[in-house]
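Quick note: the coordinates plus some simple rules give every number you see, no bench work behind them. Source: prediction; values computed, not measured. We place every Cβ from the backbone using ideal geometry, glycine too, and count neighbours over all the protein chains shown.
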Amino acid sequence: MKTLQTDLFRGIDELRRQPLVVAYGMGVDSTAVLVELNRRGIRPDAILFADTGNEKMETYAYLSLINSWLEKVKFPEVTVVRYVPKKFGDALPYTGLGENCLSNGTLPSLAFGFKSCSLKWKVLPQNKWTDRWQPARDCWRSGGKVRKIIGYDACPKDLKRYAHARHMEDPKYDYWYPLIEWGMDREACRQSIRSEGLPVPPKSACIFCPATRPEELRSHKPAYLRYIVIMEACAKPRLQGCMSAEQLQADFEHRMQLWNQRLECARGQERQKLLAKKPRLKKPGSGCAGLWRRATRQRPAMMTDYIRDHELLPIAEIEDLQQWAPLLIEQRLHEYRAGKAISDWRHFLDMLCPPDELID
Ligand code: SF4
């Protein structure tokens, strides 16, 4: 009996010491998580927001609002974390995901069917911050796991993601999906936020996120649409889905040449990995052709085409951006490589596509 009691107390004690971290996206679901935690008397130890540098202005504006509420309910304020790139190779230096894509003439990895953009710009900076956080270090040292809250809601799409994620074992984290446990779908989340007297935040995502739905694109601010046009214009020459059969052949030969060079120097596991990634010749129209990857009956592969077809920006402006943006970025790159001083990305992009506030 005494041993049972001791075990029970030890278990409770460990639970008490298990740090609770909220992965806060500053969108509807994770804001509802905070409201509901407060209602249930559960206080998180840290609330982390990973800033990719390209969230909507409305999302950034929500930060001070939610911080005031967090102070009122005696929760810790939001800690903003960022991925800090260090190596740029031959490319222009960048600080955010959008700049990363522009300087490499590519699109966020989600457009190619991968998730590394959110792993690199969201998950990694949160984990790095937690690695240096004393309560987490103490917890790991004593053999425990940090409890991380993920704001999936109880709608079919998130339930699918949850069904996949719940089986993943992590040596450092124990994931908790409270909205699913509490049976709260997106509408219940909105109601919860409203009933707390808080405004419902906009959907949080990068302004050019490939997961943006056409109806969401229609309500985008013109400045976001211009960014999308510039990004797709810069990436287009490298998108296999936009290449002719001859271009695909030339692209394949170039990739094979690079692959062979790397294979010559690779040994052991690295060689095995490379062998598994031998380049393949794509058929015309089979690769990624824009932020939406491939066309469907509802929308084209390129968001730019949708923006043009639905007159979300004037055609002359779209054509100007498509013509000039890649050339100006190329020129920036030449100047940078020649050792000349170049303006930062924000300044450069403001010049290319002024933010809406500056437009009459
Ligand atoms: S919001 Fe979209 S583009 Fe941004 S990191 Fe996440 S998946 Fe990638």
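If Rh is defined by the Kirkwood formula over all Cα pairs and Rg also comes from Cα, what ratio Rg/Rh do you get for the chain?
Working: Rg = 23.4 Å, Rh = 23.2 Å.
Result: Rg/Rh = 1.01.
Just subtract the alpha-carbon distance of PHE114 and ASP174 from 0.36 nm times their residue separation and send over the number in nm, one decimal.
Values: separation 60, 0.36 × 60 = 21.60 nm, distance 2.40 nm.
Computed gain between PHE114 and ASP174 is 19.2 nm.
Rounded to the nearest 0.05, what FRET efficiency do ARG238 and LYS128 give with R0 = 30 Å and r taken as the Cβ-Cβ distance? Could you check?
Numbers: r = 30 Å, r/R0 = 0.99.
Using R0 = 30 Å, I get an efficiency of 0.50.
Describe numerically, in nm with one decimal, the distance between label points set 7 Å from Cα along Cα→Cβ at GLN257 and at TRP182.
Once both label points are built, they end up 5.8 nm from each other.
Of LEU312, PRO202, HIS254, which is farthest along the charge dipole of the range 167-323 in the positive direction, counting Lys and Arg as +1 and Asp and Glu as -1 at C-beta?
Projecting each Cα onto the dipole axis, the largest value belongs to HIS254.
I need the phi-derived Karplus couplings for the range 77-87: 6.51 cos²θ - 1.76 cosθ + 1.60, θ = phi - 60°, integer Hz, Gly and Pro marked x.
Listing the rounded values in order: 6, 5, 9, 8, 10, 9, 6, 10, x, 10, 10 Hz.
Hey, with R₀ at 45 Å, roughly what FRET efficiency would GLN331 and GLN191 work out to, going by the Cβ-Cβ distance, to 0.05? It would help to have the intermediate numbers written out before the result.
Numbers: r = 51 Å, r/R0 = 1.14.
So the FRET efficiency works out to roughly 0.30.
Counting Lys and Arg as +1 and Asp and Glu as -1, what is the net charge of the other residues whose Cβ lies under 13 Å from the Cβ of SER195?
Working: positive: ARG39, ARG190, ARG194; negative: GLU36, GLU187, GLU196.
Local charge sum for SER195: 0.
On a full-extension model of 0.36 nm per residue, what is the gain between LEU275 and TRP69, subtracting their alpha-carbon distance, rounded to one decimal in nm? Walk me through the numbers before you get to the answer.
On the way: separation 206, 0.36 × 206 = 74.16 nm, distance 5.34 nm.
Here the segment from LEU275 to TRP69 would lengthen by 68.8 nm.
ARG43 to ASP344: extension gain in nm, 0.36 nm per residue of separation minus the Cα-Cα distance?
Values: separation 301, 0.36 × 301 = 108.36 nm, distance 4.00 nm.
Contour length minus Cα-Cα distance gives 104.4 nm.
Taking the Cα-to-Cβ direction at MET351 and at TYR60 and moving 7 Å from each Cα, how far apart do the two end points lie in nm?
2.0 nm
Quote the charge dipole size of the chain about the Cα centre in Debye, to the nearest 20; the model charges only the Cβ of Lys and Arg (+1) and of Asp and Glu (-1). List each step's numbers first, then the result.
Details: 57 positive and 45 negative charges, 341 e Å.
That gives a dipole near 1640 debye.
Could you work out Rg/(2.2 N^0.38 Å) for the range 58-112, with Rg from alpha carbons only?
Numbers: Rg = 16.5 Å, N = 55, 2.2 N^0.38 = 10.1 Å.
Taking the Cα Rg and dividing by 2.2 N^0.38 Å, one obtains 1.63.
Which shape class applies to the range 238-360: rounded if a/c is under 1.5, otherwise prolate when a/b exceeds b/c and oblate if not, where a ≥ b ≥ c are the square roots of the Cα gyration tensor eigenvalues? Intermediate results must be reported in sequence, preceding the final value.
Working: a/c = 2.73, a/b = 1.43, b/c = 1.90.
Oblate, because a/c is 1.5 or more while a/b does not exceed b/c.
Taking just the alpha-carbon atoms of the range 2-195, what radius of gyration and Dmax come out, in angstrom?
According to the Cα coordinates of the range 2-195, Rg and Dmax are 18.4, 66 Å.
Rounded, prolate or oblate for the range 138-260? Axes are the square roots of the Cα gyration tensor eigenvalues, ordered a ≥ b ≥ c, and the cut-off for rounded is a/c under 1.5.
Details: a/c = 2.81, a/b = 1.46, b/c = 1.92.
In terms of gyration-tensor shape, oblate.
Among DSSP beta bridges whose residues both lie in the chain, state the antiparallel percentage, nearest 5.
Values: 1 of 15 bridges.
Close to 5 percent.
Top mean-square fluctuation among THR106, THR212, THR304, Gaussian network model of the chain, C-alpha springs under 10 Å?
THR212
Whole percent per 10 Å bin, from 0 to the bin with the longest distance: what is P(r) over all C-alpha pairs of the range 299-347?
For the range 299-347, the pair-distance distribution reads 22, 36, 26, 15, 1.
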